[in-house]
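Only the coordinates and a few stated rules stand behind these numbers; no lab work does. Computed from a prediction, not measured in an experiment: that's the story for all the values here. Cβ: placed from backbone, ideal geometry, glycine included. Neighbour counts: every protein chain shown.
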């Protein structure tokens, strides 16, 4: 995360959560200053979206100008779609590593990573470089689907 923040020239803020059991947040604290800022939450897995939505609400309560989210693996179980659409998030970008249920979503955007994976598989099979796929100056541009 620090590398993302450094690359973007942004500050890093942490949402520290404590759980008593799975899918139940006991407490959450924002560490850092979000007042007046546009915040992007980064998460690896979004299951029920409860944590993401709670973090977004807490950040907004602390004065953030806007809150968006990015998630790699959209499990999206239970009421996740409803939770995201009814949240304070302005938008959430999900990778298509897990299929997203078709629908007319106002906040959910899907980013296709199929070409990235295909290029990685090709490079491995041809004994090429994988790290070159993540060079910012490369021409690969993921597309929203």
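Using Cα atoms only, what is the angle between the long axis of helix 50-61 and the major principal axis of the chain, expressed in degrees (0 to 90) to the nearest 10?
Taking the Cα atoms of the chain, the angle to 50-61 is about 60 degrees.
By per-residue mean of other Cβ atoms within 10 Å, what is the highest-first order of 127-133, 91-97?
Averaged packing, sorted descending, gives the order 91-97, 127-133.
The chain: D in µm²/s via Stokes-Einstein (Kirkwood Rh, Cα pairs, 37 °C, 0.692 mPa s)?
Numbers: Rh = 16.7 Å.
Once the numbers are plugged in, D ends up at 196 µm²/s.
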